[in-house]
Every structure is written in C-alpha cells, then in structure tokens.
Amino acid sequence: MPKALVLGSGGNIGKPLVQHLKSTGYDITECDIRPGWRDNYYVTDINQPIDLLPAFDEKPDVVIVLAAMVSRVTCEQASGLAISTNLAGINNVLQLSKRSQSKVIFFSTSEVYGPNVSAMDESLPDPQPNNRYGLSKLLGEKLIEYEVRSYGLDAVVLRPFMIYDENEDLGDHRSAMIRFASNLASGQPIEVHQGSARSWLHVSDAIRAIEAAIHVKDYAIINIGHPDVVPIVDLAEMVRSQLNAPKDLIRYMDQPSGMTPIKRPLLDRQRDILGVIPTVTLEEGVTRVCNKITERLAQRNSA
C-alpha cells in the first residue's frame, strides 16, 4: 500500500484529497496547523520542522504540499509570515523529503504569472508576479527546481487556477464564487470586478490531477485548470440567476492593485502529462455551489 503524507490536510483541498486517496488505497498521514486528535494526524506548522519529524518517520512515498500562506491580500499584510512559510517552510519540507527519499508534489499558484502574459504557459522562462503571494510561491518553485537539479529530488509542481468546492468554508477570504453565492443567498450585496476573467476548476477534477501527478516520472511544472475562461461579471450573473436574487445586489467596481485581470491557462500538459480533462462544467459547478450553500444557510437558520 503506497504511503502519502498530506501537508495542509485540513484545508478545502486537503480534506477531499485525503478522502479520495484513502478510497483508492493509499495509507495516509495527515498534517495540518489546526488542532486535532485522530489516528495518523499530526498538528504541525511547516515553519517548525521538529514537529514534522514524526510524520516523516512513516517514510512516505509521496509528500503532497498544500500547506502555505495564501491570499494576495494576506501575504501583503503579513509579509514576514508569507516569506518564512512559503520559502523557509518549504525548504524544511524539501530537506525532510530528501532524507526520507519521498517524492514531492508542490501546490503553487497561477499568481506566479503576473498580469503581463496573455496565455499562461508553464515554459515561460521568467514569470513576473505582481503580488507577494505569487512571488513567494515562485521562490518556492525555484527552491524545488534547485533541489531537483542539484540533489535529484523527485518532484512535480502544480499551478492551480481557481479551484472551488461546494463544501468549502464560507467567509470573506474565500474565492469569488463562494462569496458571491453565500452573500446573494443571504440577501447581501456582492462586489464584482469589471474586466476580469477566470478559469474555474471543480475540486473533484483538481484531485484527479493531483493524484495523477504522483505518477509523473520526471520533474515538470503543470498548470491545472478548466479550459473555459469566463468573465467574473458573467459568473456573478450565473450565481444571481441560480439563486433568483435581486439584480441590484450586484455592484460593479474596478480591480484593486496587484490583481491580474485575465488568467488564461495553457492546459496541454494537464492533458498530455497528467491525462486529465475536466469533467465538471461551470454551469454544473455553480448549481452545486448554490444548492449546497442554500442548504447550509437553511440549516443554520433553523438551528
């Protein structure tokens, strides 16, 4: 039975990933910064490598690195924590992975590309991120590339584009789709950035891509996303229509600084290397999100 160590197992991607890998025959060890008490779970912060040691004592075949300091806004405000976690913390993981001879799957971000490229191609030699989140993740990628080149680390880097899940946590820090649906379902207004467009990938398709990356033989950087790039204003209208919310709840605004207007991924490597073609359409995904959030709000109101 293959052994997988999932760092960031309690997050919105980590939870369903762990469930999926267990169902397909993996022996899973979980690590997350959230307190918890269960078998094969360790409370860890990747900035504190001593706390990671018991998990690496299990000699995992693969280490899936979801743990990170995320969010463009948060990483600007907490710049020290962003750099220490997304660079020094990743270095801790890489050194331990080398000692245990584990393969590394590193979850990066599409924010590494910045706003000055039309088609976001993994072969771009010098990406220019325009925020600290993208920069810190790009530096993490460079660390991995160095370890691969200099010490033979077995690794794959994934650059995700707007992953969403109907079961993810709610809150102002979540992705646009989740915020739009939760606000509109509650009768609250939403702010929609004009001129922006995104590729939306359902978590079930993202998990298939992560699992496929485990079996990639050579180092690669691979975008994971959906081929359909949809304007944010169209997404907002899809959510509003699905929830039958008043049109005046949508408030249009200009994009803030440090944000990339349009993210258009090239997905040839996702198809050719991972063998993954997304199956969940945006229309189906929006329906799932709206139905689930409506259900959750109804349960909350009746409690």
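Observations on the structure shown:
- Database remark: amide H of Ala197 closer than 5 angstrom to the amide H of Ile232, Ile262, Lys263 (H placed geometrically; neighbours at sequence offset of 5 or more, or on other chains; Pro and chain starts carry no H).
- Across all directions, the average projected area of the convex hull around the alpha carbons of segment 66-174 is 7.8 nm².
- Reachable lysines, given that their alpha-carbon falls under 20 Å from the alpha-carbon of Lys142 and they are not under 8 places away in the same chain: Lys98, Lys103, Lys217
- Note on the chain: with a GNM built from Cα contacts shorter than 10 Å, the maximum mean-square fluctuation among Tyr42, Tyr26, Tyr151 falls on Tyr151.
Just so you know, all these numbers are worked out from the coordinates, no wet-lab data involved. Everything numeric here is computed off the predicted structure, so don't read it as measured data.
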